[in-house]
1. Sort 208-219, 64-75 by the packing proxy (mean of other Cβ within 10 Å over each peptide's residues), most packed first.
2. Can you spot the lysines whose alpha carbon is less than 19 Å from K209's alpha carbon? Ignore those fewer than 8 places along the same chain.
3. Hey, what do the phi angles of segment 222-227 turn into as Karplus ³J(HN,Hα) couplings, whole Hz, using 6.51/-1.76/1.60 and θ = phi - 60°, x for Gly and Pro?
4. Would you mind checking which residues have amide H under 5 Å from V190's amide H? H placed 1.01 Å from N; only 5 or more apart, or other chain.
5. Mind giving me the FRET efficiency for S2 and R179? R0 is 22 Å, r the Cβ-Cβ distance, nearest 0.05 is fine.
6. So what is the relative contact order for the chain, in percent, with contacts set as C-alpha pairs under 8 Å and at least six apart?
7. Using modelled amide H (1.01 Å from N, peptide plane; none on Pro or chain starts), what sits under 5 Å from the amide H of G140, excluding residues fewer than 5 places away?
8. Percent of Cα-Cα pairs per 5 Å bin, from 0 to the last occupied bin, for segment 3-236, please list those.
Amino acid sequence: MSHRERYQKWEEVARKYKLDNSRIATFELTIQNTLKLLGNKKEGLALDVGCGFGHIDILLAQKTNFQIIAIDISDIALENAKKNIKEAGLEKRIKIEKGDVYNLSYPDNYFDVIFSFGYVSAASYQKVAKEVARVLKPGGLLILDYINHHCLYKTPSLFKKFRKYKRGELYPFNVKGIRKHFSSVGLSFVSKTRFNTYPPIFGKVIPFKLYIFFEKTIGRLFKKILARVILVCFEKN
Ligand SMILES: C[S@@+](CC[C@H](N)C(=O)[O-])C[C@H]1O[C@@H](n2cnc3c(N)ncnc32)[C@H](O)[C@@H]1O
């Protein structure tokens, strides 16, 4: 897919984007789990690859001391991210820039942490690992998410992905496959966690706190088969 085709695809996605309580719960849970994986590392320069409307950057800025550069390929996403960040009064902490993960405009060894979220995040794409690793400092962390393929809610999408594995278009999104993918560019696996176990339905009416309550109760017991997201953390050697 060319840069232009990628751009058009994601502009279309951004045009149709709707925020509901299910997504708000996902953002909250993404941050809670990211903070766990970060451990003591809560300051320095961070890059968010594929920031979308900036919701997660706002939470991250509120809960850490990172200076954040948030990039996206979509102009519509970036306009919305700018607006949301301004409303949150965080323009000094979060800088929005247009960028394509296939060709990052930053020097080598530049960021302390790189984040990328959104159920199969932009940093997880097949041919970008080397570029993402290039801009990360040695000892820096990469935290990104994938769809959990053991998740019952996601079974139909699995069959589509399986055909892509067979054709060699994707690497396997299980922990073994993800580890192998990043070890080839000098990133070592640190830890993983799974979340988003609540049923992703009735997002307009159910308060987001109820989804989080499900996550902390029933969801905890059935994480392996209900969690839709797997979040992984790597360190640059
Ligand atoms: C699934 S959305 C996730 C957005 C946000 N991180 C979130 O969790 O709400 C993926 C985002 O990555 C952006 N994206 C896709 N391909 C990209 C690329 N090659 N470079 C930079 N951003 C890209 C899309 O425009 C979109 O905003």
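1. Numbers: 208-219: 16.3, 64-75: 20.9.
Taking the mean over residues of other Cβ atoms within 10 Å, the ranking is 64-75, 208-219.
2. Leaving aside lysines fewer than 8 places away in the same chain, those within reach of K209 are K18, K63, K223.
3. Coupling constants for segment 222-227: 10, 3, 4, 9, 9, 4 Hz.
4. C233, F234, E235
5. Values: r = 30 Å, r/R0 = 1.37.
Here the calculated transfer efficiency is 0.15.
6. Details: 432 pairs, mean separation 50.9, N = 237.
Result for the chain is 21 percent.
7. K236
8. Calculated P(r), rounded to whole percents: 1, 7, 14, 18, 21, 19, 13, 6, 1, 0.
Each reported figure results from applying straightforward, stated rules to the coordinates on display, with no laboratory input. This one's a predicted model, so the numbers in the text were calculated from it and none came from an experiment. As a convention, Cβ positions derive from the backbone with ideal geometry for all residues, glycine included, and neighbour counts pool all protein chains shown.
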